[in-house]
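The values are calculated or read from the model by the stated rules, or taken from the named source; none is laboratory data. In this text, all values refer to a predicted model and were calculated from it rather than measured experimentally. Ideal geometry is used to build each Cβ from the backbone, glycine not excepted, and the neighbour counts take in all protein chains shown. Note: areas computed on protein heavy atoms with side chains; ligands, DNA, RNA excluded. Shrake-Rupley method; radii C 1.70, N 1.55, O 1.52, S 1.80 Å.
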Amino acid sequence: MTDTCQSLANALLDAARKAGADAADALAVDGAAQSIDVRGGVLEQAERAEYRDLSLRVFLGQRSASISGSDIRPEALAEMATRAVAMAREAPEDPYAGLADPDQIATDWDVASLELADPAPEPAPAALEEDARQAEAAALSHDGITRIDSAAAQYTAQTIALAATNGFSGSYKRTSRALYCVAIAGEGLGMERDSDGDSRTFQSDLRSAQDIGDSAAARALERLNPRKPKTGAYPVLFDERVAASLIGHMVAAANGAQVARGQSWLRGALGEQILPDHLSLVEDPHRPRASASRPFDAEGLLTRKRAVIDKGRLTGWTLDLANARKLGMESTANAARGGASVSPASWNLTLTQGSQSRADLMREMGTGLLVTSMIGSTINPNTGDYSRGAAGVWIENGEPAYPVSGVTIAGNLRDMLRTIVPANDARTYLSRVVPSLLVEGLTLAGE
């Protein structure tokens, strides 16, 4: 499949040349996906899809256009390239558009060390169904669980190939095996739901169905009979399940596309203290078996490890080639493809962990909110003002007191991030390794 995928990318490039493009790059993806859903011990839905996605970006001088499709017939590839070139002729000139220089592109990488694809055979549908059944049964075995909203098992396998007229050519495979369970506790208006799940590159690493079902049930039961605390300013402990979203807002503000547009509350903050000085945020696209690992980016540049935040200070932006040129900087090899368009995206991120457990931080906070789930999001991209709906557990005297739902927490990300205290409970196999985070003095809108 790898050779076939690379041949398709090369064929699309040839079509672009014949259509009159000065330069071009092409991405081809071959994939297969299975999904099995179980409800009430009965197979509810079984899907299998095999797909092929093609995307082409062409350049005519400083004009460019992108197009995507799935038809691999030679005449379809020719038509796709012809349309892309015609679109480029009508596009405005962009002084920052263009491929990487030949001396910038990746020429050597060790894809085997990344362990992106599980060599084990694709699971049979019966195996996926059994996983989903076991997760559902495990959740239903808990008193108080009234039904299961969803129990699903999935498997995907992809081959990704990139080729460009600057001489770059490369491909790799990727697999994923996942299992999820959503449990519902209580009846009528008193119903509460929660979930658990796992997704891994290697099937052998996946948590057991029993563990996932038990955890989904326990989480749903913990949410029964919620209350609202009094409105006020309190410390908030973001559980490890949701803490990555807080760091994600900072990462989004450090995205070069946002900075180049002037729509980032971190613009002008290079070198400034963003986190406490004992914390760093490291991006490593070469972590084995991690879902965001990759040998090269969507523009053929060799990916590399870097510190986004070093000892609390912001070191740079997340950049693809175009945004790097706009900002007078070098690409950080973070180009990602969304359809046919290219923009910067972050790979695997790891925040420095602390020395205390989540329970230790609960005792330290005394009285406040442990947030375990969040809904909605109002983030001002220019100021960092933050407001989100939240649910979780009210903590009094360092101990859980009662479940909380339907509250809103608000603050400013700059102030919040400067004071975060990390726990030591991050799951190191995730693409974003972020522990529970304690933040002081947020405004909580409750009763």
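Some points to look at:
- The range 47-157, accessible area per residue, ligands and nucleic acids excluded (1.4 Å, Å²): 54 Å²
- Once the 1.4 Å probe is applied to the protein heavy atoms, the range 290-368 comes out at 37 Å² accessible per residue.
- 17 Å cut-off, amide nitrogen to a point 7 angstrom out along E50 Cα→Cβ, residues in the range 72-95: 72-73
- Available extension along the chain between N382 and T443 is 20.0 nm, counting 0.36 nm per residue and deducting the alpha carbon span.
- Compactness index (Cα Rg / 2.2 N^0.38 Å), the range 261-325: 1.26
- Which of D205, D101 is most accessible, then next, and so on - probe 1.4 Å: D101, D205
- Computed over the alpha carbons of the range 38-162, Rg followed by Dmax gives 23.3, 67 Å.
- In whole angstrom, the range 83-155 maps to an equivalent ellipsoid with semi-axes of 49, 23, 13, each derived as √(5λ) from the alpha carbon gyration tensor and ordered largest first.
- T165 exposes around 50 Å² of accessible area when a 1.4 Å probe is run over every protein chain in place.
- Against the empirical curve 2.2 N^0.38 Å, the C-alpha radius of gyration of the range 349-423 lands at a ratio of 1.19.
- Panel values: the chain, Kirkwood radius from alpha carbon pairs, Stokes-Einstein at 25 °C and 0.890 mPa s, translational diffusion coefficient 102 µm²/s.
- Cα gyration tensor, the range 393-439 - rounded (a/c under 1.5), prolate or oblate: oblate
- Modelled label positions at A127 and T419, each set 7 Å beyond Cα in the direction of Cβ, lie 5.1 nm from each other.
- nm² value of the averaged projected area, convex hull over the Cα atoms of the range 172-249: 8.2 nm²
- Separation of the A359 and V42 label points, Cα + 7 Å toward Cβ, nm: 4.4 nm
- Its Cα gyration tensor gives the range 1-88 an equivalent ellipsoid. The semi-axes, each the square root of 5 times an eigenvalue, are 35, 13, 10 Å from largest down.
- Label zone (S208, point 7 Å along Cα-to-C-beta; backbone nitrogen cut-off 18 Å) within the range 139-165: 139-142.
- Cut-off 20 Å, label 7 Å out along Cα→Cβ of Q62, residues of the range 313-345 by amide N: 320-331, 342
- Two-site label geometry, N225 and H142: point separation in nm, points 7 Å out along Cα→Cβ: 1.7 nm
- The range 178-221 - accessible surface per residue (Å², probe 1.4 Å): 39 Å²
- Atom-type composition of the exposed protein surface of the range 200-359 places 48 percent of the accessible area on carbon and sulfur (1.4 angstrom probe).
- Rounded accessible area of E47 (nearest 10 Å², 1.4 Å probe): 100 Å²
- Build a GNM of the chain with springs between Cα atoms under 10 Å apart, and of N323, N225, N255 the one that fluctuates most is N225.
- On full extension, the segment bounded by R83 and T428 gains 119.7 nm, given 0.36 nm per residue less the C-alpha separation.
- Radius ratio Rg over Rh of the range 297-447, counting only Cα atoms, Kirkwood formula for Rh: 1.04
- Taken along its principal axes, the alpha carbon cloud of the range 203-290 reaches lengths of 47, 46, 29 Å, longest axis first.
- The figure for Y234 is an accessible area of roughly 40 square angstrom, using a 1.4 Å probe on the protein chains alone.
- Cα shape, the range 215-343, gyration tensor, a/c 1.5 rule: prolate
- Mean residue ellipticity at 222 nm, helices only, the chain: -7000 deg cm²/dmol; runs of at least 4 DSSP H residues each add -39,500 (n - 2.57), and the sum is divided by the number of residues.
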